[in-house]
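The values are calculated or read from the model by the stated rules, or taken from the named source; none is laboratory data. Since this is a predicted model, take the numbers as computed values, not measurements. So basically every Cβ, Gly included, is an ideal-geometry build from the backbone, and we count neighbours across all protein chains shown. SASA here: full protein model, heavy atoms, side chains in, ligands and nucleic acids out. Shrake-Rupley method; radii C 1.70, N 1.55, O 1.52, S 1.80 Å.
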Amino acid sequence: MASKRFLYINRKAPHGTVYALESLEVVLIGAAFEQDVSLAFIDDGVYQLMRNQDTTAIGSKNFSPTYKALGDYDVSKIYVEQESLETRGLSKDDLMPLTYEDEDDDWAEKDSIHIVSGAELAEIIEQQDVILNF
Amino acid sequence: MKFGILVNEGPYTHQASDSAYYFAAAALRAGHEIVRVFFYHDGVNNGTRLGVPPQDDRNISARWAELAKDNDVELILCVAAAQRRGMLDADEARRAGKDADNMAPGFQISGLGQLIDAGIQADRLIVFGD
(Lines give C-alpha, C1' and ligand atoms only; values in the text may rest on other atoms or scores of the structure.)
Protein backbone atom coordinates (compact mmCIF):
# COMPACT_ATOMS: atom_id res chain seq x y z
CA MET A 1 0.00 0.00 0.00
CA ALA A 2 1.42 3.36 -1.01
CA SER A 3 2.18 5.68 1.85
CA LYS A 4 0.32 8.98 2.10
CA ARG A 5 1.25 12.23 3.77
CA PHE A 6 -0.95 12.81 6.83
CA LEU A 7 -1.00 16.16 8.61
CA TYR A 8 -2.78 16.59 11.94
CA ILE A 9 -3.60 20.23 12.62
CA ASN A 10 -4.14 21.01 16.29
CA ARG A 11 -5.90 24.30 16.88
CA LYS A 12 -7.32 24.09 20.39
CA ALA A 13 -6.00 24.43 23.94
CA PRO A 14 -5.13 21.12 25.65
CA HIS A 15 -7.96 21.43 28.15
CA GLY A 16 -11.41 22.96 28.06
CA THR A 17 -12.40 20.64 25.21
CA VAL A 18 -11.42 17.06 24.43
CA TYR A 19 -10.08 17.74 20.92
CA ALA A 20 -6.39 17.80 21.84
CA LEU A 21 -6.49 14.52 23.75
CA GLU A 22 -8.53 12.71 21.11
CA SER A 23 -6.32 14.10 18.33
CA LEU A 24 -3.27 12.66 20.06
CA GLU A 25 -5.06 9.30 20.26
CA VAL A 26 -5.55 9.32 16.48
CA VAL A 27 -1.88 10.17 15.94
CA LEU A 28 -0.72 7.28 18.13
CA ILE A 29 -3.07 4.76 16.51
CA GLY A 30 -2.27 6.12 13.05
CA ALA A 31 1.45 5.62 13.64
CA ALA A 32 0.93 1.86 13.24
CA PHE A 33 -0.10 2.43 9.61
CA GLU A 34 3.39 3.55 8.57
CA GLN A 35 2.27 6.67 6.78
CA ASP A 36 4.24 9.90 6.49
CA VAL A 37 3.00 11.85 9.52
CA SER A 38 3.36 15.52 10.46
CA LEU A 39 1.76 17.53 13.24
CA ALA A 40 1.02 21.24 13.18
CA PHE A 41 0.13 23.39 16.16
CA ILE A 42 -1.57 26.69 15.49
CA ASP A 43 -3.77 29.19 17.36
CA ASP A 44 -4.45 27.98 20.94
CA GLY A 45 -3.13 24.59 19.83
CA VAL A 46 0.39 25.80 20.69
CA TYR A 47 -0.59 25.54 24.38
CA GLN A 48 -0.73 21.75 23.95
CA LEU A 49 3.08 21.70 23.90
CA MET A 50 3.67 23.94 26.93
CA ARG A 51 6.24 22.55 29.35
CA ASN A 52 5.43 21.88 33.02
CA GLN A 53 1.71 21.40 32.60
CA ASP A 54 -0.20 20.71 35.80
CA THR A 55 -3.89 19.81 35.64
CA THR A 56 -4.38 19.07 39.33
CA ALA A 57 -6.72 22.00 39.85
CA ILE A 58 -9.08 21.12 36.99
CA GLY A 59 -9.25 17.38 37.69
CA SER A 60 -8.59 16.33 34.11
CA LYS A 61 -5.85 13.99 32.96
CA ASN A 62 -2.49 15.58 32.21
CA PHE A 63 -1.69 13.82 28.96
CA SER A 64 1.14 16.17 27.96
CA PRO A 65 3.93 13.65 28.76
CA THR A 66 2.53 11.52 25.93
CA TYR A 67 3.81 14.03 23.35
CA LYS A 68 7.32 13.03 24.38
CA ALA A 69 6.62 9.51 23.13
CA LEU A 70 5.89 10.72 19.59
CA GLY A 71 9.53 10.33 18.57
CA ASP A 72 9.36 6.63 19.46
CA TYR A 73 6.36 6.33 17.13
CA ASP A 74 8.39 7.79 14.23
CA VAL A 75 6.49 11.05 14.46
CA SER A 76 9.32 13.54 14.17
CA LYS A 77 7.92 16.42 12.12
CA ILE A 78 6.22 18.80 14.49
CA TYR A 79 5.50 22.29 13.20
CA VAL A 80 4.55 25.14 15.50
CA GLU A 81 3.38 28.39 13.96
CA GLN A 82 5.55 31.35 14.90
CA GLU A 83 2.72 33.90 14.77
CA SER A 84 0.54 31.82 17.10
CA LEU A 85 3.37 31.71 19.65
CA GLU A 86 4.09 35.44 19.37
CA THR A 87 0.44 36.43 19.67
CA ARG A 88 0.35 34.57 22.98
CA GLY A 89 3.65 35.96 24.27
CA LEU A 90 5.33 32.57 23.95
CA SER A 91 8.57 31.33 22.46
CA LYS A 92 10.08 27.94 21.80
CA ASP A 93 11.61 28.00 25.31
CA ASP A 94 8.10 27.75 26.75
CA LEU A 95 7.50 24.46 24.92
CA MET A 96 8.56 21.04 26.14
CA PRO A 97 11.54 19.61 24.26
CA LEU A 98 10.47 16.92 21.79
CA THR A 99 13.13 14.81 20.14
CA TYR A 100 13.59 11.72 18.00
CA GLU A 101 16.48 9.43 17.19
CA ASP A 102 17.49 9.67 13.54
CA GLU A 103 18.10 6.15 12.25
CA ASP A 104 19.78 7.58 9.13
CA ASP A 105 22.31 9.47 11.26
CA ASP A 106 23.57 6.84 13.73
CA TRP A 107 20.51 7.35 15.96
CA ALA A 108 21.54 10.89 16.81
CA GLU A 109 18.99 12.65 18.99
CA LYS A 110 17.37 15.49 17.05
CA ASP A 111 14.80 18.17 17.67
CA SER A 112 11.32 17.32 16.38
CA ILE A 113 9.93 20.82 16.80
CA HIS A 114 10.20 23.27 13.94
CA ILE A 115 9.00 26.83 14.40
CA VAL A 116 7.57 27.97 11.07
CA SER A 117 5.79 31.06 9.79
CA GLY A 118 2.18 30.92 8.67
CA ALA A 119 3.39 31.20 5.07
CA GLU A 120 5.76 28.26 5.51
CA LEU A 121 3.00 26.25 7.15
CA ALA A 122 0.74 26.99 4.17
CA GLU A 123 3.37 25.37 1.93
CA ILE A 124 3.56 22.34 4.23
CA ILE A 125 -0.24 22.03 4.15
CA GLU A 126 -0.15 22.24 0.36
CA GLN A 127 2.09 19.15 0.21
CA GLN A 128 -0.23 16.84 2.18
CA ASP A 129 -2.57 14.10 1.00
CA VAL A 130 -4.75 13.88 4.11
CA ILE A 131 -5.39 16.68 6.60
CA LEU A 132 -7.12 16.07 9.90
CA ASN A 133 -8.18 19.22 11.70
CA PHE A 134 -8.76 19.04 15.43
CA MET B 1 -14.19 10.09 -6.79
CA LYS B 2 -13.85 8.21 -3.51
CA PHE B 3 -14.65 10.29 -0.43
CA GLY B 4 -14.02 9.53 3.22
CA ILE B 5 -16.03 11.56 5.72
CA LEU B 6 -15.15 12.43 9.31
CA VAL B 7 -17.87 13.84 11.58
CA ASN B 8 -16.48 15.40 14.76
CA GLU B 9 -19.59 16.94 16.32
CA GLY B 10 -22.79 15.60 17.82
CA PRO B 11 -26.27 16.00 16.36
CA TYR B 12 -28.42 19.15 16.81
CA THR B 13 -25.88 21.34 18.67
CA HIS B 14 -23.60 21.77 15.66
CA GLN B 15 -24.33 21.86 11.97
CA ALA B 16 -21.35 19.56 11.23
CA SER B 17 -23.39 16.37 11.11
CA ASP B 18 -26.08 17.97 8.91
CA SER B 19 -23.48 19.35 6.50
CA ALA B 20 -21.71 15.99 6.36
CA TYR B 21 -25.03 14.27 5.62
CA TYR B 22 -25.94 16.72 2.83
CA PHE B 23 -22.43 16.39 1.40
CA ALA B 24 -22.58 12.59 1.47
CA ALA B 25 -26.05 12.49 -0.09
CA ALA B 26 -25.05 14.93 -2.84
CA ALA B 27 -21.82 13.04 -3.56
CA LEU B 28 -23.71 9.75 -3.89
CA ARG B 29 -26.33 11.38 -6.15
CA ALA B 30 -23.51 12.64 -8.37
CA GLY B 31 -22.15 9.12 -8.72
CA HIS B 32 -19.25 9.36 -6.28
CA GLU B 33 -18.35 6.70 -3.74
CA ILE B 34 -18.32 7.14 0.04
CA VAL B 35 -15.60 4.88 1.42
CA ARG B 36 -16.72 5.32 5.01
CA VAL B 37 -18.30 7.81 7.39
CA PHE B 38 -16.33 7.90 10.62
CA PHE B 39 -17.79 9.52 13.75
CA TYR B 40 -15.35 10.85 16.34
CA HIS B 41 -15.37 13.14 19.40
CA ASP B 42 -19.03 14.01 20.20
CA GLY B 43 -19.79 12.89 16.64
CA VAL B 44 -20.35 9.39 18.07
CA ASN B 45 -23.64 10.66 19.53
CA ASN B 46 -25.06 10.68 16.00
CA GLY B 47 -25.35 6.92 16.38
CA THR B 48 -27.97 6.80 19.13
CA ARG B 49 -31.27 5.08 18.44
CA LEU B 50 -32.91 6.64 21.50
CA GLY B 51 -33.22 10.20 20.24
CA VAL B 52 -36.79 11.49 20.01
CA PRO B 53 -36.66 14.75 18.05
CA PRO B 54 -39.94 16.68 17.61
CA GLN B 55 -41.98 15.56 14.63
CA ASP B 56 -41.39 18.75 12.69
CA ASP B 57 -37.59 18.39 13.01
CA ARG B 58 -35.18 16.13 11.16
CA ASN B 59 -34.18 12.80 12.72
CA ILE B 60 -30.42 12.93 12.25
CA SER B 61 -29.59 9.38 13.34
CA ALA B 62 -32.40 7.82 11.30
CA ARG B 63 -31.44 9.89 8.28
CA TRP B 64 -27.82 8.66 8.43
CA ALA B 65 -28.99 5.06 8.88
CA GLU B 66 -31.30 5.33 5.86
CA LEU B 67 -28.56 6.82 3.69
CA ALA B 68 -26.21 4.02 4.73
CA LYS B 69 -28.77 1.30 4.03
CA ASP B 70 -29.80 2.65 0.63
CA ASN B 71 -26.23 3.12 -0.54
CA ASP B 72 -24.33 0.46 1.37
CA VAL B 73 -22.18 3.00 3.22
CA GLU B 74 -20.27 2.13 6.40
CA LEU B 75 -21.11 4.27 9.44
CA ILE B 76 -18.40 3.74 12.04
CA LEU B 77 -18.27 5.08 15.59
CA CYS B 78 -14.85 5.28 17.24
CA VAL B 79 -14.87 2.75 20.07
CA ALA B 80 -12.83 4.82 22.53
CA ALA B 81 -14.87 7.99 21.94
CA ALA B 82 -18.11 5.98 22.08
CA GLN B 83 -17.26 4.23 25.35
CA ARG B 84 -16.38 7.53 27.03
CA ARG B 85 -19.75 8.95 26.05
CA GLY B 86 -21.94 5.94 26.75
CA MET B 87 -22.59 4.95 23.15
CA LEU B 88 -22.74 1.16 23.30
CA ASP B 89 -23.81 -1.62 20.99
CA ALA B 90 -25.11 -4.86 22.51
CA ASP B 91 -21.64 -6.47 22.62
CA GLU B 92 -19.97 -3.48 24.25
CA ALA B 93 -22.80 -3.13 26.76
CA ARG B 94 -22.45 -6.76 27.77
CA ARG B 95 -18.67 -6.50 28.02
CA ALA B 96 -18.87 -3.39 30.18
CA GLY B 97 -21.61 -4.88 32.37
CA LYS B 98 -24.18 -2.21 31.40
CA ASP B 99 -27.92 -2.80 31.44
CA ALA B 100 -28.69 -1.31 28.03
CA ASP B 101 -27.30 -0.47 24.61
CA ASN B 102 -28.28 2.48 22.48
CA MET B 103 -26.84 2.12 19.01
CA ALA B 104 -28.99 2.76 15.96
CA PRO B 105 -29.18 0.19 13.18
CA GLY B 106 -26.72 0.88 10.39
CA PHE B 107 -23.98 2.10 12.75
CA GLN B 108 -21.03 -0.02 13.85
CA ILE B 109 -18.36 0.41 16.50
CA SER B 110 -14.74 0.05 15.44
CA GLY B 111 -11.30 1.49 16.07
CA LEU B 112 -9.49 4.64 15.01
CA GLY B 113 -7.60 2.55 12.48
CA GLN B 114 -10.75 2.75 10.36
CA LEU B 115 -10.30 6.53 10.19
CA ILE B 116 -6.69 6.24 9.06
CA ASP B 117 -7.71 3.55 6.58
CA ALA B 118 -10.40 5.87 5.17
CA GLY B 119 -7.71 8.52 4.69
CA ILE B 120 -5.57 6.00 2.84
CA GLN B 121 -8.37 4.55 0.68
CA ALA B 122 -10.19 7.75 -0.22
CA ASP B 123 -9.15 10.31 -2.81
CA ARG B 124 -10.34 13.00 -0.40
CA LEU B 125 -11.02 12.85 3.33
CA ILE B 126 -13.48 15.60 4.27
CA VAL B 127 -13.61 16.71 7.91
CA PHE B 128 -16.82 18.18 9.33
CA GLY B 129 -16.29 19.76 12.73
CA ASP B 130 -16.19 22.83 14.89
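Observations on the model:
- Estimated inter-spin distance, A:D111 and B:R84, nm [label 7 Å along Cα→Cβ]: 3.2 nm
- Taking all protein chains together and rolling a 1.4 Å probe, A:H15 ends up with roughly 50 Å² accessible.
- Chain B, relative contact order in percent, only Cα pairs under 8 angstrom and at least six apart counted: 36 percent
- Anisotropy class of the protein assembly as shown from Cα gyration tensor, a/c 1.5 cut: prolate
- Fluctuation leader among A:G89, A:G71, A:G30 - chain A, Gaussian network, Cα springs under 10 angstrom: A:G89
- Accessible carbon and sulfur surface of chain A relative to its total accessible area, %, 1.4 Å: 45 percent
- Charge-dipole axis of region A:5-133 as Lys and Arg at +1 and Asp and Glu at -1 on Cβ define it, positive-most pick from A:A119, A:L24, A:A108: A:L24
- As a ratio to 2.2 N^0.38 Å, the alpha-carbon radius of gyration computed for region A:83-134 takes the value 1.42.
- Taken along the Cα-to-beta-carbon direction at a fixed 7 Å, the label points for B:F23 and A:L28 span 2.8 nm.
- Summing charges over all other residues whose Cβ lies under 14 Å from the Cβ of A:D43, with Lys and Arg as +1 and Asp and Glu as -1, gives -2.
- Magnitude of the charge dipole, region A:23-75, Cβ model with Lys/Arg +1 and Asp/Glu -1, debye to 20: 260 debye
- For chain A: relative contact order, % (alpha-carbon pairs under 8 angstrom, 6 or more apart): 32 percent
- Each other residue within a Cβ distance under 14 Å of B:P53 adds +1 if Lys or Arg and -1 if Asp or Glu, for a net charge of 0.
- Calculated SAXS-style log₁₀ I(q)/I(0) at q = 0.10, 0.16, 0.19 Å⁻¹ - chain B, Debye, Cα scatterers: -0.28, -0.73, -1.03
- Of the solvent-accessible surface of region B:2-128, computed with a 1.4 Å probe over protein heavy atoms with every protein chain present, carbon and sulfur atoms account for 45 percent.
- Antiparallel content of DSSP bridges confined to the protein assembly as shown, in %, to 5: 15 percent
- Taking amide hydrogens as placed 1.01 Å from N in the peptide plane, the amide H of A:V80 sits under 5 Å from those of A:F41, A:H114, A:I115, A:V116, each at least 5 positions away in sequence or on another chain.
- Residues along region A:93-134 losing 40 Å² or more of accessible surface when the other protein chains are present rather than the chain by itself (probe 1.4 Å): A:L132, A:F134
- Rg/Rh, computed from the Cα trace of chain A with Rh as the Kirkwood radius, has the value 0.95.
- Positive minus negative residues near B:D42 (Lys, Arg vs Asp, Glu; Cβ under 15 Å): -2
- Greater than 29 Å apart at Cα, pairs in A:K92/B:K2; A:K12/A:K77; A:K110/B:K2; A:K4/B:K98: A:K92/B:K2; A:K110/B:K2; A:K4/B:K98
- Mean accessible surface per residue for region B:1-49, computed with a 1.4 Å probe while every protein chain stays in place, in Å²: 38 Å²
- Full extension of the chain between A:D104 and A:N52 yields a length gain of 15.6 nm, computed as 0.36 nm times the residue separation minus the alpha carbon distance.
- For the peptide B:109-116, the mean number of other protein chain Cβ atoms found within 10 angstrom of a residue's Cβ is 4.
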